[in-house]
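In what follows, a structure is listed as structure tokens, so that the remarks can point back to it.
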Amino acid sequence: MKSWVVVALFLPILSAQAQSPAPVAGTDYIEIPNGRPLEPSEGVIVVEEFFNYACPGCNGFEPSFVAWTKQLPSYVKVEHVPATFLPAFVQYARAYYAARTLGVADKTHQAVYDAVHRTHVLPGEGDKPDEARIAKFYADFGVKAEDFLAAMQSFGVDTKVRRATEHMQRNRILLTPSIVVNGRYLVRGSSIADMFRIAAYLIEKEHAG
């Protein structure tokens, strides 16, 4: 995982682009042949964040990512795609899609990061998977633990996790956090700010057609 440390405030997107050379394909981003978003939306540019709650790097990245997304234009839609390339990640991919199914994903998203990495109420990377413990945590957000566990283990969530995993593999995601723009470009970058600079360039590239 990448462990990012934020050391500076972010400049506005356009200002950052103006002060830096244009990103270069193959160096700053990778083109994805025949790529498309996992959940395409007509008329908008989809920005996908590949993440997992157990990932320490994702935990450090998330506050900056949230701040950056608030600067994005109205024609951009942000989607989270849970990565599953480690055993400890699978339970949280299930939890994320169960939370979406039950309508609590938005209000629990940061809380899960906090429970894994700050209070250690939930298992972290390297800990033994414990779906029952995760379901009990979500019970504090208006859903019954048994209902949440049933959702985690449901066919519908299985299908969503499988599709997300296939999408992750098609996009050659090897690290989290990762950003993919409109299913077509995997962002690289030497820092968080550099990732956002490159992603902003690619968003405008896509918007311009």
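Could you tell me whether the range 118-127 includes any residue that is among the charged types (D, E, K, R), surrounded by 16 or more Cβ atoms within 10 Å (Cβ to Cβ) and out of contact with any Gly (no Cβ under 7 Å at 6 or more places or on another chain)?
yes
Out of curiosity, is Asp147 in contact with a helix residue (DSSP H, G or I) (Cβ under 9 Å, 6 or more places away or on another chain), without any contact (Cβ under 8 Å) to a residue 12 or more places away in the chain and either of a type outside the set (A, V, I, L, M) or loosely packed, with under 14 Cβ neighbours inside 10 Å (or both)?
no
Which members of the range 103-123 meet the condition of being assigned to a loop (DSSP other than H, G, I, E, B), in contact with a helix residue (DSSP H, G or I) (Cβ under 6 Å, 6 or more places away or on another chain) and in contact (Cβ under 8 Å) with a residue 40 or more places away in the chain?
Leu122
Check the range 178-188 and report whether any residue there is touching a Phe, Trp or Tyr at 6+ places or on another chain (Cβ under 6 Å), in a helix (DSSP H, G or I) and either over 21 Å from Pro40 (Cβ atoms) or not β-branched (Val, Ile, Thr) (or both).
No, the range 178-188 contains no residue that is touching a Phe, Trp or Tyr at 6+ places or on another chain (Cβ under 6 Å), in a helix (DSSP H, G or I) and either over 21 Å from Pro40 (Cβ atoms) or not β-branched (Val, Ile, Thr) (or both).
Considering every residue within the range 8-25, establish whether at least one is modelled with pLDDT of 95 or more, of a type outside the set (Gly, Ala, Ser), surrounded by 21 or more Cβ atoms within 10 Å (Cβ to Cβ) and not in a loop (DSSP other than H, G, I, E, B).
So far as the range 8-25 goes, no, none of its residues is modelled with pLDDT of 95 or more, of a type outside the set (Gly, Ala, Ser), surrounded by 21 or more Cβ atoms within 10 Å (Cβ to Cβ) and not in a loop (DSSP other than H, G, I, E, B).
Could you grab me the full set of residues in the range 19-75 that are among the hydroxyl-bearing types (Ser, Thr, Tyr) and without any contact (Cβ under 8 Å) to a residue 40 or more places away in the chain?
Keep residues of the range 19-75 that are among the hydroxyl-bearing types (Ser, Thr, Tyr), which gives 20, 27, 29, 41, 53, 64, 69, 74-75.
The answer is Ser41, Thr69, Ser74.
Please work out if Thr159 is open to solvent by 10 Å² or more (accessible area, probe 1.4 Å), in contact (Cβ under 8 Å) with a residue 24 or more places away in the chain and either part of a helix (DSSP H, G or I) or touching a His at 6+ places or on another chain (Cβ under 9 Å) (or both).
No; evaluated as a whole, the condition is false for this residue.
Consider Val116 against the criteria (1) touching an Asp or Glu at 6+ places or on another chain (Cβ under 8 Å); (2) over 23 Å from Val47 (Cα atoms): it satisfies all of them except one. Which criterion is unmet?
It is condition (1) that Val116 fails.
Of all residues in the range 58-98 being of a type in the set (D, E, K, R) and open to solvent by 10 Å² or more (accessible area, probe 1.4 Å), which is farthest from Phe148 (Cα to Cα)?
This residue is Lys70.
Residues in the range 40-52: is at least one in contact with a Phe, Trp or Tyr (Cβ under 7 Å, 6 or more places away or on another chain) and closer than 20 Å to Ser191 by Cβ?
The answer is yes, given that some residue of the range 40-52 is in contact with a Phe, Trp or Tyr (Cβ under 7 Å, 6 or more places away or on another chain) and closer than 20 Å to Ser191 by Cβ.
Residues of the range 170-186 being out of contact with any Leu (no Cβ under 7 Å at 6 or more places or on another chain) and surrounded by 19 or more Cβ atoms within 10 Å (Cβ to Cβ), which ones?
Selection gives Ile173, Thr176, Pro177, Ile179, Asn182, Gly183, Arg184, Leu186.
How about the range 44-57: which of its residues are farther than 15 Å from Pro123 by Cβ and surrounded by 24 or more Cβ atoms within 10 Å (Cβ to Cβ)? Spell out how you get there, then give the answer.
Pass one, the range 44-57, residues farther than 15 Å from Pro123 by Cβ: 44-51, 57.
Of everything in the range 44-57, those that are farther than 15 Å from Pro123 by Cβ and surrounded by 24 or more Cβ atoms within 10 Å (Cβ to Cβ) turn out to be Val47, Glu48, Phe50, Phe51.
The values are calculated or read from the model by the stated rules, or taken from the named source; none is laboratory data. Keep in mind that what you see is a predicted model, and the values were worked out from it rather than measured. Positions of Cβ are generated from backbone atoms using ideal geometry, with glycine treated the same way; all protein chains shown enter the neighbour counts. Side chains included, ligands, DNA and RNA excluded: accessible areas come from the protein's heavy atoms. Shrake-Rupley method; radii C 1.70, N 1.55, O 1.52, S 1.80 Å.
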